[in-house]
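Since the structure comes first, as structure tokens, the remarks are kept for the end.
FYI, it's all coordinate maths here, none of it is from the lab. These numbers come from a predicted model, not from an experiment. We place every Cβ from the backbone using ideal geometry, glycine too, and count neighbours over all the protein chains shown.
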Amino acid sequence: MRGLWFIVARALHVLAVVVWIGGVAAVTTVVLPTMRRLDSNEQKLWLFEQVESRFRPQARLAWLVVGLTGLYMLYALGAWGRFIDARYWWMHAMVALWVVFGLMLFIVEPLVVGPRLQRKLKSEPGKAVARIEKLHWLLLVLSLCVISAAVAGAYGWLG
Ligand code: HEM
């Protein structure tokens with residue numbers, strides 16, 4: 001029987017994944033197509049800045065909660081050995097996705113892509129939005145695959 005704290009950590013892990021990847025899904029399927037349809041470049045930029053400034057802190061917090069609860073579960077399960085066992089590829093996938101999003105949220109986006117994108121949104125908004133949309137679709141599909149694999153793996157369905 002797993003302890004209470006393990007259950008709490010697992011619930012928080014899943015809730016944070018819901019908030020975070022749910023936000024990525026909403027941005028990808030609702031906000032970006034709306035942004036693409038706006039006529040004025042100023043409005044595009046305004047919407048982008050509004051959504052980004054509100055979603056980024058939320059996504060960063062969720063990312064942190066997912067990482068901390070994931071580490072706690074690994075410790076509680078004594079499951080570090082999974083990382084040298086290929087049958088647990090879904091564990092590698094979870095951590096890899098977490099690292100990719102961490103790099104995007106804390107380094108690449110605010111320091112590199114963000115400022116460049118702001119300029120592009122002013123000069124070539126159509127191209128810039130199309131590029132952001134493509135990247136978001138890629139991250140969303142990848143995330144959904146990892147979530148499916150993690151649930152299947154955690155329930156012992158992957159061998
Ligand atoms: C540092 C990063 C992460 C670590 C250390 C980690 C660790 C874990 C651990 C130990 C489990 C429990 C496995 C078991 O019970 O056998 C788990 C479950 C799970 N994780 Fe992660 N994880 C991380 C990141 C992520 C990410 C990025 C996602 C999805 C976007 C994710 C989604 C899930 C899901 C859906 C479950 C299954 C929960 C359930 O069905 O109850 N994890 N994770």
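Can you list the aspartates and glutamates whose alpha carbon is less than 19 Å from that of K120, not counting same-chain residues fewer than 8 positions off?
Qualifying aspartates and glutamates at Cα under 19 Å: D39, E42, E49, E52, E109, E133.
Report, largest value first, the span of the C-alpha coordinates of the chain along each principal axis, in whole Å.
Result for the chain: principal-axis Cα extents of 58, 27, 25 Å.
Quick one: grab Rg to one decimal and Dmax as a whole number for the stretch 1-95, Cα atoms only, in Å.
Values for the stretch 1-95 (Cα only, Rg and Dmax): 18.1, 58 Å.
Give, rounded to the nearest 20 debye, the magnitude of the charge dipole that the chain has about its Cα centre when Lys and Arg contribute +1 at Cβ and Asp and Glu contribute -1 at Cβ.
Using Cβ point charges on Lys, Arg, Asp and Glu, the chain gives about 140 debye.
Relative to the longest principal Cα axis of the chain, at what angle does helix 125-154 sit, 0 to 90 degrees, rounded to 10?
On a 0 to 90 degree scale, this one is about 10.
Considering only DSSP states other than H, G, I, E and B, which trypsin sites (Lys or Arg not before Pro) in the stretch 1-39 qualify as loop sites with at most 11 other Cβ atoms within 10 Å?
R2
Work through the residues other than W20 whose Cβ is under 13 Å from its Cβ and net out their charges, Lys, Arg +1 and Asp, Glu -1.
+2
Roughly speaking, what is the centre-to-centre gap between the stretch 116-132 and the stretch 1-32 when only Cα atoms are used, to the nearest Å?
If you average the Cα positions of each part, the centres end up 30 Å apart.
In the chain, if the dipole is taken from +1 on Lys/Arg beta carbons and -1 on Asp/Glu beta carbons about the Cα centre, which of L135, Q50, L4 is farthest to the positive end?
The Cα lying farthest towards the positive end belongs to L135.
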